[in-house]
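What follows is one structure encoded as structure tokens, with my remarks underneath.
The values are calculated or read from the model by the stated rules, or taken from the named source; none is laboratory data. Please read these numbers as outputs of a predicted model, since none were measured by experiment. All Cβ positions, even for glycine, are placed from backbone atoms using ideal geometry, and neighbour counts span all protein chains on display.
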Amino acid sequence: MNNWRDLFQDHILARGEMYYYDGAVLELHKTEHGYQAIVEGTEDYEVEIEIEEGEVCEMYCSCPYAEDGSHCKHMAAVLYEIEEQDESGFLSEDACLEQQEKELEELIEKLSERELRAFVKKLAGQDGGIRSMLLTRYVVEIDEKQMNRLKQGVDRLVREYSDGNGFIDYRNAWDFTYAMECYLGDKVDVLIERSCWRQAFELTNYVFQTIGNIDTDDSDGGICQVANACYERWEEILKNCSEDVRSEMFAWFTSHLSCDYVMDYLEEYIEDFLMREFRDREMLEKKLKYLDEIIEKQGPSTDGGSTWSEHYGYEDNLIRRLELMEQLGYSKEEIHEYRRKHWRFSAIRKLEIQENLDRGNLDEAIRILRESKELDSEYSGLVASYSEQLISIYEEQADTKAYKEELLYYVLKCPQHELTYIRKLKKVCTDKEWEQYREQILREPRNFAIRYPLMEAEGMYERMLECLKREGFVLNLDRYEKVLKERFPEQVRDLYISYLHREAERVSDRKRYRELMKYLKKISGYPGGKEKAAGIAENWRAKYYRRRAMMDEMENAGF
């Protein structure tokens with residue numbers, strides 16, 4: 001294969017080489033048009049390479065990075081493997097991985113036990129990774145000394161990928177997190193297989209604490225991937241361990257909440273696991289008490305303490321609390337009493353509203369929605385959501401009077417970000433009413449996002465032009481240039497000229513100079529624009545002759 005490395009960015013190529021050396025390329029075999037393989041990563045990814053006359057002509061990988069056609073590290077790893085096996089003569093149409101494994105199995109069967117033991121001993125003496133794997137998998141008891149060795153393996157990875165100050169830069173960050181995931185798979189999973197639950201939990205926590213305190217450029221999000229891998233190990237351990245270990249795990253999670261054990265966003269993994277797992281009654285009651293403490297701290301707020309969960313998204317602690325009550329067998333009356341006691345929280349009322357809607361009890365849903373508009377009057381987003389629900393209900397009931405009144409409230413009292421409800425209001429108004437309401441909408445400062453779209457929809461082009469003159473914001477001018485140019489070509493041209501005069505005084509870098517040239521060319525397309533553009537260019541050459549970059553860009557643009 002010729003020059004295939006040129007197809008990859010340097011850092012992608014380096015990561016692919018690392019995957020290749022780590023043995024991540026599996027099941028490589030030759031096809032009619034090239035090669036197929038599986039590459040171990042965050043998941044197992046399928047890679048296909050098509051080759052014609054010694055040249056790579058097409059590549060595919062099932063990983064997210066390659067979805068847009070980018071060449072990824074998994075492709076690079078496979079190409080390294082192809083190159084190595086081609087040189088060794090391992091790859092052919094009739095020789096694949098299964099054949100190699102069969103040959104290896106036959107060879108091992110021929111060796112005596114003494115020869116195998118001697119060979120394994122020699123390998124373990126030469127390779128610390130193999131030595132550690134043997135000790136983890138086959139030592140009779142995983143004692144404190146062995147646990148210290150396993151933790152030292154984590155520390156070695158940190159030293160390997162960090163600089164002298166303990167920082168892991170962007171070039172090494174992904175390889176570091178991949179190495180940590182592999183360490184979990186190599187070491188923790190072996191402990192789990194051996195039912196060494198305490199040791200598996202202890203080592204998982206050590207990895208979690210390490211990634212949770214490392215100083216790194218985590219632009220690729222690798223830390224969260226390792227945290228997810230730790231979460232999966234916690235789940236596996238909790239599902240299979242003894243009651244004593246479960247109790248110890250529960251104590252660990254409760255004692256490590258909000259104690260700066262790891263950086264703040266990783267603390268969410270601890271809270272998430274604590275809330276979602278541990279279903280024994282005693283543990284459920286402890287979680288109930290913990291949630292009560294959080295909710296109590298909310299004071300007069302209408303928010304019961306919404307928190308972000310990596311696995312479940314945004315959740316409200318009041319809803320969690322109600323779920324726990326059901327799991328603990330609280331009666332319907334007790335649950336209803338708790339809801340009424342905490343009626344000031346929007347999450348409780350939203351729950352009641354939805355339940356009434358599901359039962360078809362629209363009158364009760366309307367009553368709670370109206371009450372909620374009053375109770376949450378300080379929270380514009382909540383009030384807008386209640387109003388939207390009321391509009392939907394009134395429309396379904398064909399209550400034209402209430403529908404129009406609620407539309408008026410929503411459109412005139414709530415900030416507008418699109419024209420959907422404004423169009424609905426127009427349909428139920430007389431022409432005279434609509435003119436009055438439209439003016440109120442346009443004059444409301446909060447509605448700046450829909451001001452121009454509404455003027456365009458209403459054909460108010462002169463009003464739009466006047467607003468653009470006062471505003472001087474060129475992006476809005478660009479957005480509506482097409483419709484305005486047809487009607488007011490000279491005025492639009494002059495707006496662009498005014499913009500160029502203002503900006504020429506301010507800009508000082510080549511990128512902005514290029515932008516000015518684009519607008520100068522744009523002006524040339526208007527009536528009398530060529531002469532105007534030439535005059536501006538002449539003025540700039542005389543006034544800004546010391547700006548070499550500006551002069552270069554003017555010449556490149558043909559001025």
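Going through SER387, SER372, SER377, SER392 one at a time, which residue ends up being outside any helix (DSSP H, G or I), over 30 Å from GLN491 (Cβ atoms) and within 36 Å of the chain's Cα centre (by Cα)?
Testing whether each residue is outside any helix (DSSP H, G or I), over 30 Å from GLN491 (Cβ atoms) and within 36 Å of the chain's Cα centre (by Cα) leaves just SER377.
Select from segment 311-343 the residues that are at pLDDT below 90, in a loop (DSSP other than H, G, I, E, B) and surrounded by fewer than 16 Cβ atoms within 10 Å (Cβ to Cβ) and list them in ascending order.
Hits for segment 311-343 are HIS311, TYR312.
Right, GLU435: in a helix (DSSP H, G or I), under 22 Å from CYS467 (Cα atoms) and in the same structural domain as LEU351 (by TED's automatic domain parsing) or not?
It is true that GLU435 is in a helix (DSSP H, G or I), under 22 Å from CYS467 (Cα atoms) and in the same structural domain as LEU351 (by TED's automatic domain parsing).
Hey, among VAL262, VAL226, which residue is within 21 Å of the chain's Cα centre (by Cα), of a type in the set (A, V, I, L, M) and not in a helix (DSSP H, G or I)?
VAL262
Residues TYR60, TYR65: which one is out of contact with any Leu (no Cβ under 9 Å at 6 or more places or on another chain) and either assigned by TED's automatic domain parsing to the domain that holds ARG171 or not in a helix (DSSP H, G or I) (or both)?
TYR60
Condition check: surrounded by 14 or more Cβ atoms within 10 Å (Cβ to Cβ) and in contact with an Asp or Glu (Cβ under 6 Å, 6 or more places away or on another chain). Does ALA365 satisfy that?
In short, no.
What are the residue pairs meeting all of these: first residue in segment 456-470, first residue without any contact (Cβ under 8 Å) to a residue 40 or more places away in the chain, second residue among the polar types (S, T, N, Q), Cβ atoms under 7 Å, and 6 or more apart or on different chains?
LEU465/GLN491; LEU468/ASN476
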